[in-house]
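Throughout, read-outs are computed from the coordinates displayed, never taken from laboratory work. None of the values given here were measured: they were computed from a predicted structure. Using ideal geometry, Cβ is built from the backbone for each residue, glycine included, and neighbour counts are taken over all protein chains shown.
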Amino acid sequence: MPRTATGESSLARAVRILESFTLDEPELTVSEVARRAGLPLATASRIVGQLVEYGLLGRGPGREVRVGFRMWELASRAAPTRSLRNAAMPYLEDLHAVVGHHAQLAVLQGDEVVFLERLSARDAVVNYSEIAGRLPPHISSSGVVLMAYGPAELQERVLARPLESWTAETITTPDRLRATLDQVRRRGYALLAGHVHRDATGIAVPVRNGLGEVVAALSVIVPNDARAVSAVPALLAAARGIGRSLR
C-alpha cells in the first residue's frame with residue numbers, strides 16, 4: 001500500500017475522506033473534504049477522483065461530492081447487521097403498529113450507539129436518531145441498555161469522560177449514570193423521559209441471541225407523558241421474538 005512521507009497509507013487517507021460526510025451534510029465540496037480530512041487540496045482532489053471512478057463517491061450537478069451508490073451496495077452486505085435487521089423487522093413492524101410513533105433497532109459500534117433501523121409515523125413525536133446515525137450511549141435509552149449489559153470497560157470509558165447534556169434531564173454525572181445502569185439491570189428496561197428532547201421519552205430493552213448475549217437494543221420513542229411506560233410489555237415481547245429468530 002503506497003505511503004506518504006509521514007508513513008500514512010493511501011487507504012488511511014481515503015478512509016478519512018469518506019468519514020468527512022455526515023448525515024446532516026451528505027454533500028461537500030472537494031475543498032471542504034480536504035479541510036475535514038486534514039489533507040492538501042491536491043491530494044484530496046486526486047483521491048476523490050479515484051473514489052468516484054470506483055463508484056464509492058459520486059458527483060452532483062454542481063461538482064459537489066457525495067457518498068456513491070457502490071458504497072451503499074457494499075454497506076448493505078455487512079453480515080452482522082443484515083442478519084440482525086432481517087430477524088428484527090417483522091417484530092419492529094408490529095411494535096411500530098402498537099406504539100404509533102417511532103420504533104428502532106440499535107447496536108454498539110465502539111463507544112457509540114448506531115441505529116440500524118427506524119420506523120416512524122407522520123405525526124410522531126420528535127426523534128433525533130436516524131438510520132446509520134450515532135448517539136453517545138448515555139444520551140439515549142438504547143445506549144443506556146447497551147451499556148448496562150455491556151462490558152465493564154465500556155462503562156468505565158464512558159463514565160470517565162464528560163457527559164454531554166442535551167436537556168435538563170440528560171444524565172450528566174457518573175453517579176447518576178451508575179445508578180441508572182443498576183436500575184436497568186434490575187427491571188430489564190431503560191425509560192429516559194426528556195433526555196434527548198423534553199417532549200419525548202425513550203424506552204429500550206435488550207435483545208439477546210441464542211447464547212443469552214445482548215446483541216442489540218430495541219426501543220420506542222413516544223410522547224413524554226404518564227402513558228409512556230405502557231409500551232414496555234410490547235417492547236419485551238418483541239425483543240423475545242427477535243431473540244428466538246436469532247437462534
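List of remarks:
- Over the stretch 98-147, volume per residue of the alpha carbon convex hull, in Å³: 73 Å³
- Trypsin sites (Lys or Arg not before Pro) restricted to the stretch 29-67 and DSSP loop, no more than 13 other C-beta within 10 Å: R63
- With both labels modelled 7 Å from their Cα along Cα-to-Cβ, the I131 to R161 distance reads 2.7 nm.
- Cβ crowding within 10 Å, taken as a proxy for footprinting-reagent exposure, orders Y149, Y128 from fewest neighbours to most as Y128, Y149.
- In terms of surrounding Cβ atoms within a 10 Å radius of their Cβ, L84, L211 rank from fewest to most as L211, L84.
- Among P40, P223, P90, the residue with the largest mean-square fluctuation in a Gaussian network model of the chain, with springs joining Cα atoms closer than 10 Å, is P40.
- At most 16 other Cβ within 10 Å, DSSP loop - GluC sites (Glu not before Pro), the stretch 112-215: E130, E164, E169, E213
- Cα point-scatterer Debye curve for the stretch 78-245, base-10 log of I(q)/I(0) at q = 0.18, 0.20 Å⁻¹: -1.10, -1.38
- For the chain, built as a Gaussian network whose Cα springs stay under 10 Å, the top-fluctuating residue of E73, E27, E93: E73
- Counting Lys and Arg as +1 and Asp and Glu as -1 over every other residue whose Cβ lies under 11 Å from the Cβ of G133, the net charge comes to -1.
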